[in-house]
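Here's the structure we're looking at; comments come further down.
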Amino acid sequence: MTKPFKILIGVLTCTGLMACSTSSTNAPVPDVESRSDEVTLSDADGGKSVPPPSEAPSSEHYRRFNEARLSKNFKLAQEIGGEILARQPNDLRILNALGIMAIEQNKLSLARLLIGKVLAKEPSNSAAQNNLGLIELKSGNLRLALSHFKKSIEINPSNRSARANLGQIYLSYRNYTAAAAELESAVRSGDESVETLSNWGVALSRTGQSEQAIEAFEKALKKNEGNAVVQLNYAVLLLDQVNRPKKALKFLNKIRSSSTDPAIIEKAIQMAKRAEAAAKGSTEKGESE
C-alpha cells in the first residue's frame, strides 16, 4: 500500500491515496479495472499479442511475481518482472504493477517510465491514468494530478480508486461539495477503506450533512477503532457541529494517550481544552451522551 498522503484542512485531516493495479481495490493498492489484483497468465497484455508458447512467460513466472509483489520485495519483483517483460514486452499488467511498486518506493522517475509505457500502448487505460495522477501528486503537481484522476474516471466511471483520489484533491481545494460527491461514488462502488470513509465524513461534515458524516466516521472506526485521524475528524464534528463535547473528549483523550503523531496530539490537546469547557456547560443543561 502506498503511504497515506495527509492534508491538513484547518483541524480536519484527510488521508489515503489509492494506486490502481489495472482492477480497483480498496486502500492504497493497485487497480486493474474491475478484475482481481492478482496477475495471471491469461491477463498478459489483456490477451493480445501473445508470443509463441515456447517464449511466453509461464504460470510460475506470474506466481513468483505475485508472491514478491505481495511481500513488498521490490528488488525480486523487478527481477521477475524483467524476465516476464523479456518474453512479453507488452504485458501491461506487469508494467503497471511494477509502476505501482515504484510509486510505493518513491522511485517516481522509474514509476513515470513504467506507467508511461502502459499509456503509450493503451491511452485509455483507466488504472494507469490514475497511477500517473498519483505520480504527479507525489511530485507536487496538483493540477496535473487532478486532470489524470478526471481522465481515469472519464474512461471508467466505476474506478473507485480514482474517485477516492479525486475526492481527496477536492478536499485539499476546500471544494467540499465536489469532494462529497466523488467520495460517495467511491464508497457506493465498494471502497469502504478507513481513509475513504474518513475523508467522506470530513466532506459531509463541511457540507452540513452531520448525521451522514457520523455514519461515515462510525463505519471507519469499526474497521480501525484506534485510527487517530478518524478520531480527530470525528471529534471536530462532535464538538463544533452537533454539540456533543463529552463524546468528543473521549476521542481526544484516546488520541492524547495513544497517538505517536506530534501534530495530531497537539491538535487534540488544544481541542480537549475547549471540549472540557463545553462539557461543563452541557452538564448544567443536562446533556447526555
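The values are calculated or read from the model by the stated rules, or taken from the named source; none is laboratory data. Bear in mind the structure is a predicted one, so any value in this text is a computation, not a measurement. For neighbour counting, all protein chains shown are included, and Cβ atoms are generated from backbone atoms with ideal geometry for every residue, glycine included.
Within segment 139-151, can you find the residues that are surrounded by 19 or more Cβ atoms within 10 Å (Cβ to Cβ) and either under 21 Å from Leu197 (Cβ atoms) or aliphatic (A, V, I, L, M) (or both)?
Ala145, Leu146, Phe149
Residues that are out of contact with any Ser or Thr (no Cβ under 8 Å at 6 or more places or on another chain) and over 19 Å from Val187 (Cβ atoms), at least 3 per element: which helices (runs of 4 or more DSSP H) completely within segment 205-289 meet that?
Numbers: elements: 210-223, 228-240, 245-258, 262-284.
So the answer is 228-240, 245-258, 262-284.
Looking only at residues that are in a loop (DSSP other than H, G, I, E, B) and either basic (Lys, Arg) or in contact (Cβ under 8 Å) with a residue 24 or more places away in the chain (or both) in segment 174-204, which one is nearest to Leu144 (Cα to Cα)?
Among them, the one singled out is Arg174.
Which ones in segment 51-74 are charged (D, E, K, R), assigned to a helix (DSSP H, G or I) and within 22 Å of Ile135 (Cα to Cα)?
Arg69
Considering only segment 145-167, I want to know if a residue exists there that is closer than 23 Å to Asn224 by Cβ, touching a strand residue (DSSP E or B) at 6+ places or on another chain (Cβ under 9 Å) and in contact (Cβ under 8 Å) with a residue 24 or more places away in the chain.
Yes, segment 145-167 has at least one match.
Working only within segment 169-186, note down all residues that are over 14 Å from Leu197 (Cα atoms), among the hydrophobic types (A, V, I, L, M, F, W, C) and at pLDDT 95 or above. If you could, list the steps in order and put the result at the bottom.
The initial filter retains those residues of segment 169-186 that are over 14 Å from Leu197 (Cα atoms), namely 169-170, 172-178.
Those left that are additionally among the hydrophobic types (A, V, I, L, M, F, W, C): 169, 178.
Matches in segment 169-186: Ala178 only.
What number of residues in segment 183-217 are charged (D, E, K, R) and closer than 16 Å to Ala162 by Cα? First the steps, then the outcome.
Residues of segment 183-217 that are charged (D, E, K, R), as a first pass: 184, 188, 191-192, 195, 206, 211, 215.
Narrowing the set further to residues that are closer than 16 Å to Ala162 by Cα leaves 184, 188, 191-192, 195.
The number of residues fulfilling the criteria is 5.
Give, as residue ranges, the helices (runs of 4 or more DSSP H) completely inside segment 75-149 that count at least 2 residues that are over 26 Å from Arg64 (Cβ atoms).
Answer list for segment 75-149: 108-121, 126-138.
With Glu136, Glu154 as the choices, which residue is out of contact with any Asp or Glu (no Cβ under 8 Å at 6 or more places or on another chain), within 26 Å of Leu204 (Cα to Cα), surrounded by fewer than 24 Cβ atoms within 10 Å (Cβ to Cβ) and charged (D, E, K, R)?
Numbers: Glu136 fails: within 26 Å of Leu204 (Cα to Cα).
Of Glu136, Glu154, the one residue that is out of contact with any Asp or Glu (no Cβ under 8 Å at 6 or more places or on another chain), within 26 Å of Leu204 (Cα to Cα), surrounded by fewer than 24 Cβ atoms within 10 Å (Cβ to Cβ) and charged (D, E, K, R) is Glu154.
In the list Leu92, Leu119, Leu98, which residue meets the criterion of being buried (at least 18 other Cβ atoms within 10 Å of the Cβ), touching a helix residue (DSSP H, G or I) at 6+ places or on another chain (Cβ under 7 Å) and modelled with pLDDT of 95 or more? Spell out how you get there, then give the answer.
Values: Leu92 fails: modelled with pLDDT of 95 or more; Leu98 fails: modelled with pLDDT of 95 or more.
Criteria check complete, one pass: Leu119.
Name the single residue that is surrounded by the fewest Cβ atoms within 10 Å (Cβ to Cβ) among those in segment 248-267 being small (Gly, Ala, Ser) and at pLDDT below 95.
The initial filter retains those residues of segment 248-267 that are small (Gly, Ala, Ser), namely 248, 257-259, 263.
Cutting the leftovers down to at pLDDT below 95 gives us 257-259, 263.
Details: Ser257: 9, Ser258: 11, Ser259: 19, Ala263: 12.
Residue satisfying both the conditions and the ranking: Ser257.
Against the condition surrounded by 24 or more Cβ atoms within 10 Å (Cβ to Cβ), more than 15 Å from the chain's Cα centre (by Cα) and either of a type outside the set (D, E, K, R) or closer than 21 Å to Ile103 by Cβ (or both), how does Pro245 come out, does it pass?
On the way: surrounded by 24 or more Cβ atoms within 10 Å (Cβ to Cβ): yes; more than 15 Å from the chain's Cα centre (by Cα): yes; either of a type outside the set (D, E, K, R) or closer than 21 Å to Ile103 by Cβ (or both): yes.
It is true that Pro245 is surrounded by 24 or more Cβ atoms within 10 Å (Cβ to Cβ), more than 15 Å from the chain's Cα centre (by Cα) and either of a type outside the set (D, E, K, R) or closer than 21 Å to Ile103 by Cβ (or both).
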